[in-house]
Amino acid sequence: MSIETRSGSLFYDQLAVQDTLNTFFEPQKEIISSGPLKKEDFSARIEESFDVKVVSQVSEEPLGISFFARNRLYGNFFSELSLSYLSGKSKYYFPEGLKPFIDPISLDIKHEELDIRVATGFQRRINRYVTGNMKFGVSRSTGRVRSKVLSELLDIQSSEIHLSYSTFLDIGLSIGYKWKVSPSFVVSQYSNKKLESQLVTKLSYEF
């Protein structure tokens with residue numbers, strides 16, 4: 001069991017912006033479907049597709065809890081199954097509004113994610129309290145994105161469900177004995193070949 005935080009992910013933030021714009025305008029070809037864009041690329045694609053300027057204001061790192069089961073295969077190799085629940089918040093700003101509304105508009109976003117991962121890995125003990133880990137596997141996520149559009153004239157709430165599939169490579173350390181702090185660097189490739197990198201920190205207890 002572990003408590004974890006993740007930094008670097010923009011996926012659900014960008015989906016929320018896209019969902020909101022599609023409620024105001026005729027839906028465009030999806031800017032992101034199963035993988036995020038870099039911040040600069042996303043803002044440029046939004047302006048190109050919808051003629052709207054969008055600015056990222058606040059983004060809280062997702063925080064959650066995971067349960068995992070590990071099975072030793074051979075030597076230092078193992079298999080792992082994990083189930084994670086994470087939630088996060090963020091805020092975007094439309095300084096020129098959303099046509100025909102020209103007043104500045106803010107977009108408050110809350111997202112929840114249920115993530116199932118299956119992986120095989122290799123671990124090597126560096127000393128009694130430090131172990132190096134490398135895992136490769138597949139992830140299936142279901143995310144609920146709740147958005148709230150606010151301005152002097154608007155107060156609109158919406159909720160959407162999104163599914164995503166990815167493969168991932170996780171490289172990190174476990175520091176401790178039963179209670180462990182585990183920082184790692186995770187690179188994910190989504191089904192549309194887009195890549196995303198995250199820093200993940202877990203506080204875990206192994207039974």
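Rolling a 1.4 Å probe over the heavy atoms of the protein chains gives region 131-182 an accessible area of 57 Å² per residue. Across all directions, the average projected area of the convex hull around the alpha carbons of the chain is 11.7 nm². For region 165-207, what percent of Cα pairs sit more than 11 Å apart? That tail contains 65 percent of the Cα-Cα pairs.
Against the chain, whose longest principal axis comes from its Cα atoms, helix 11-24 is set at around 20 degrees. Given the pairs LYS91/LYS178; LYS110/LYS135; LYS135/LYS180; LYS99/LYS193; LYS89/LYS202, which span a C-alpha to C-alpha distance of over 26 angstrom in this model? Among LYS91/LYS178; LYS110/LYS135; LYS135/LYS180; LYS99/LYS193; LYS89/LYS202, the Cα-Cα distance tops 26 Å for LYS91/LYS178; LYS110/LYS135; LYS99/LYS193. With a Förster radius of 22 Å applied to the C-beta separation of ASN192 and PHE101, the computed FRET efficiency comes to 0.10. A Förster distance of 22 Å, applied to the separation of the beta-carbon atoms of LEU150 and LYS89, puts the FRET efficiency at 0.95. Starting from the Cα of PHE77, step 7 Å along the direction of its Cβ; do the same at ILE171; then give the gap between the two resulting points in nm. Computed distance between label sites PHE77 and ILE171 equals 2.0 nm. When restricted to Cα atoms, region 127-200 yields an Rg and a Dmax of 18.5, 61 Å, respectively. Each of PHE68 and LYS53 was given a label point 7 Å from its Cα along the Cα-to-Cβ line. The distance between the two points is 4.4 nm.
The local environment of GLU206, defined by Cβ-Cβ distances under 13 Å, has a net charge of +4 under the rule Lys, Arg +1 and Asp, Glu -1. Every helix of 4 or more DSSP H residues in the chain counts as -39500 (n - 2.57), and over all residues that averages to -4000 deg cm²/dmol at 222 nm. Karplus-based coupling profile of region 92-104, in residue order and whole Hz: 10, 9, 10, x, 10, x, 10, 3, x, 8, 9, 6, x, with θ = phi - 60° in 6.51 cos²θ - 1.76 cosθ + 1.60 and x standing for Gly or Pro.
Of ASP155, ASP170, ASP108, which has the largest mean-square fluctuation in a 10 Å C-alpha GNM of the chain? Highest fluctuation among the options: ASP155. By accessible area, using a 1.4 Å probe on protein heavy atoms only, the chain has 57% of its surface on carbon and sulfur. With everything on Cα atoms, drop me the angle between helix 39-50 and the longest principal axis of the chain, reported from 0 to 90° to the nearest 10. The angle comes out at about 30 degrees. Both radii come from the Cα set of region 63-146: Rg as radius of gyration, Rh as Kirkwood radius; their ratio Rg/Rh reads 1.27.
The values are calculated or read from the model by the stated rules, or taken from the named source; none is laboratory data. Only a predicted model underlies this, so the values are computations on that prediction, with no experimental measurement involved. Here Cβ is always computed from backbone atoms with ideal geometry, including for glycine, and neighbour counts include all displayed protein chains. What goes into the accessible areas is simple: the full protein's heavy atoms, side chains included, and nothing from ligands, DNA or RNA. Shrake-Rupley method; radii C 1.70, N 1.55, O 1.52, S 1.80 Å.
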